[in-house]
Amino acid sequence: MSSSTELIHSIPVDPLTGSISVPIYQTSTFVQDAPGVNKGYDYARSGNPTRQALEDIIAKLEKGTTGIAFGSGLAAIDAVLKLLKTGDHIVAVDDIYGGAFRLFTQIYEKFGITVTYADSTNAVNVFNAITPATKLIWIETPTNPTLKITDIHAISKIAKANDCLLCVDNTFASPALQQPILWGADLVVHSATKYIGGHSDLIAGLIVTKNEELGAKVKFIQNASGAILSPFDSWLAIRGIETLHLRVKQHCINAQAVAEYLQSHPAVDQVFYPGLKSHPNHHIAKQQAKGFGGIVSFTLKDDSIEAATAFVTSTSLFKLAESLGGIKSLLCHPAQMTHKSIPSERRRLGGVADSLVRLSVGLEEVEDLISDLQQAFEKPGLSSVTAKHKLATA
Ligand SMILES: *Cc1c(COP(=O)(O)O)cnc(C)c1O
């Protein structure tokens, strides 16, 4: 059976009523027949049937045993960190999601958990960063926003040999393209706010574990800390998942065309997209994923904050907003938006140049998207900045 058929039919029909849509169990508690005797649920922080349906679907999609749904992607990341204790060490991908960087450095470092950032595109860098205290390796692939690709299987071998957990933030690829547990990851994390929700109408996070033992630990942490996803938001996430495969397929087609267009534009310096043959780890992306995703980043020849600002305020179909993965195209300027919390020096070291623009290529007709980018390159704002820059550097 194809994965999309399997997915659509893994969404359960309600056993009580036959409702084909998963019911929203908007309740805080469940009546018990006798103390401790119940129908599988007692209090809705510990479990809710709507949330459980989502958790079962994502576990199946990611080829793990246990799914756990959180109030945001960061709440999910936070729960993984709570598997650690004071004195433990993390090796993390260097251009990590800005919010994860902030959580690691500004919350967990004060509890004595240390982090070394490494360019995980070369597994040797991860190996070299491991210490006897390392308990967790944290990667994203593709990364945000420079679309670096890490070989999940190679990193999982290092994790196993050093007795530490490997967690993959699979937000950019989604399980429609990549299933890290099949390549040896112990945990997968999602911001379901992005492709899984898919319609820019939801904040949610998910964790999938490769075995039940780890799943029980994460579930314990969630119940003890309380960062659950609401029944209605669980329902929205399920509704998003119903079209995940179809949406992601089209996101990939559109993004490939946009990346090729950008590569040919004279104002563009570099294009970052794993689907381009020029991408340094194109072959690994091809090996471990079924497609290259919907995110494309690029830098301008005029590598300035001003030029990027002029560009991102000149598009009309691409809306200027944080976030990604929805049906509507978005663009953002990481240096001033998503990556503002990362000090500029470290941001540039991680490959996020001043002029880097990130596109979340949506599901509009791709010719319309390319015309929108074309007219933005031609807007007087950008050309005058470019002209001034040329004069200044002449
Ligand atoms: C958005 C995002 C997160 C954080 O998720 P929220 O749902 O916003 O809390 C984590 N990782 C990546 C890669 C993201 O893009």
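The values are calculated or read from the model by the stated rules, or taken from the named source; none is laboratory data. Because the structure is predicted, anything quoted here is derived from the model rather than measured. Backbone-built Cβ (ideal geometry, glycine too); neighbour counts: all protein chains shown. Areas reflect the complete protein model, heavy atoms only, side chains present, ligands, DNA and RNA absent. Shrake-Rupley method; radii C 1.70, N 1.55, O 1.52, S 1.80 Å.
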Mind pulling the angle between the C-alpha long axis of helix 244-263 and the longest principal axis of the chain? Nearest 10 degrees, somewhere in 0 to 90. 20
Report, to two decimal places, the Cα Rg of the chain normalised by 2.2 N^0.38 Å (N = number of residues). 1.01
So, in Å, what gap is there between the alpha-carbon centers of the range 221-287 and the range 36-51? 34
Residue-wise HN-Hα coupling along the range 265-275, computed from phi with Karplus coefficients 6.51, -1.76, 1.60 (Hz; x: Gly, Pro): 8, x, 7, 8, 8, 10, 10, 10, 7, x, x
Would you mind working out the magnitude of the charge dipole of the chain relative to its Cα centre, with +1 at each Lys and Arg C-beta and -1 at each Asp and Glu C-beta, to the nearest 20 Debye? 460
Determine the per residue accessible area of the chain with all protein chains present and a 1.4 angstrom probe, expressed in square angstrom. 43
Net charge dipole size for the range 231-365 [Lys, Arg +1 and Asp, Glu -1 on Cβ; Debye, nearest 20]: 400
Full-extension gain between Thr17 and Gln263, please, as 0.36 nm times their residue separation minus the C-alpha to C-alpha distance. 83.2 nm
Order these peptides, 221-229, 188-196, 37-45, by their mean beta-carbon neighbour count within 10 angstrom, highest first. 188-196, 221-229, 37-45
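Provide the net charge surrounding Leu206, with neighbours chosen by a C-beta distance below 9 Å and charges set as Lys +1, Arg +1, Asp -1, Glu -1. Walk me through the intermediate numbers first.
Details: positive: none; negative: Glu55, Glu62.
Once positives and negatives cancel, what remains is -2.
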Dividing the helical contributions, -39500 (n - 2.57) per DSSP H run of n ≥ 4, by the residues of the chain yields a 222 nm value, nearest 500 deg cm²/dmol, of -11000 deg cm²/dmol
Net length gained if the chain between Glu242 and Gln336 were fully extended (0.36 nm per residue, minus Cα distance): 30.4 nm
With a point put 7 Å past each Cα toward its Cβ, work out how far Phe220 is from Asn128 in nm, to one decimal. 3.8
Looking at this model, which pairs from Lys60/Lys85; Lys157/Lys217; Lys135/Lys210; Lys85/Lys217; Lys290/Lys328; Lys277/Lys340 are more than 20 angstrom apart at the alpha-carbon? Lys60/Lys85; Lys157/Lys217; Lys290/Lys328; Lys277/Lys340
Where does each of 292-301, 96-105 land if you order them by average Cβ count within 10 Å, highest first? 292-301, 96-105
Binning every alpha carbon pair distance of the range 99-161 at 5 Å from zero, what are the percents per bin? 4, 16, 27, 24, 19, 10, 1
With just the Cα atoms defining each centre, how far is the range 102-166 from the range 57-97? Give it in Å. 13
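Eigenvalues of the Cα gyration tensor times 5, then square-rooted: what semi-axes does that give for the range 267-309, in whole angstrom, largest first?
Semi-axes, largest first: 26, 10, 6 Å.
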Going residue by residue through the range 144-158, the Karplus relation 6.51 cos²θ - 1.76 cosθ + 1.60 with θ = phi - 60° gives ³J(HN,Hα) values, rounded to whole Hz and with x marking Gly or Pro, of 10, x, 9, 6, 6, 10, 10, 6, 4, 5, 5, 5, 5, 5, 5
Just tell me which lysines come within less than 17 Å, Cα to Cα, of Lys379; anything on the same chain fewer than 8 places away is out. Lys301, Lys319, Lys388, Lys390
Which net charge results when you count Lys and Arg as +1 and Asp and Glu as -1 among the other residues whose beta-carbon is under 13 Å from that of Gly71? 0
With the crude spin-label approximation of a point 7 Å out along Cα→Cβ, what separation in nm comes out for Asp163 versus Arg102? 3.6
If contacts are Cα pairs under 8 angstrom and at least 6 residues apart, what is the relative contact order of the range 244-393 in percent? 26
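Of all accessible surface on the range 5-156 at a 1.4 Å probe, what whole percent is carbon and sulfur?
58
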Cα gyration tensor of the range 184-287 diagonalised, 5x eigenvalues square-rooted, in angstrom largest first, produces semi-axes 34, 18, 12
